[in-house]
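Read the structure below first, then the notes.
Readers should treat all values here as calculations from the given coordinates under stated rules, not as data from a laboratory. The shown structure was predicted, so the numbers you read here are calculated from the model rather than taken from an experiment. Here the Cβ positions follow ideal geometry from the backbone for every residue, glycine too, while neighbour counts run over all protein chains shown.
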Amino acid sequence: MQTTCSNLKSLAARYIEAVGLKEYAAVEAILSPRVSFNGPFMKIDSAPAFIAGLKRMAPIWEGNEVRTVLGDAEQVCVFYNFVTNTQAGAVPCIELLTFEDGRIAKVELFFDRAQFAPAQEALARRAEP
């Protein structure tokens, strides 16, 4: 099957939705095993480490609300709200996704760290023993 821009945009939206629903097996199926992730707080170079990072966010994460999906034949940019159960509320995020062989090979995450700070503080408190 030939991968089209429309297919990649649909796959990118499904990935963001699956992440927000904590459907980790579905997320992992969309990722390359050697996915590269670069975000404000961490860098990761494997699908299992990426999934572990998502699971660490679970206590504060209510879901994702996709706003806009833009893309071409190799990259898709997804604008969405990362919805938390903290004072941060919904934090606007952008992920630039690079695809190889129909799977996400690279994720670049962008958001305002100051706006996310209350969520990160709540996560730290909830993770304490």
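Some values worked out for this structure:
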{"item": "Axial C-alpha extent at least 18 Å, average Kyte-Doolittle at least -0.5 - helices from the chain (DSSP)", "result": "5-20"}
{"item": "Segment Val66-Cys5, extension gain: residue separation times 0.36 nm, minus the distance between their alpha carbons", "result": "20.2 nm"}
{"item": "Estimated distance in nm for a label pair at Arg113 and Glu100, the labels positioned 7 Å out from Cα along Cα-to-Cβ", "result": "2.8"}
{"item": "Inter-label distance, nm, simple model (7 Å from Cα along the C-beta direction), Ala29/Ala90", "result": "2.8"}
{"item": "Full-stretch length increase - Glu74, Lys43 - with 0.36 nm per residue and alpha-carbon distance subtracted", "result": "9.0 nm"}
{"item": "Distant-in-sequence amide H partners of Ser32 (H built 1.01 Å from N, under 5 Å)", "result": "Ile104, Ala105"}
{"item": "Evaluated at q = 0.13, 0.19, 0.21 Å⁻¹: base-10 log I(q)/I(0), Debye formula over Cα of the range 5-127", "result": "-0.47, -1.03, -1.26"}
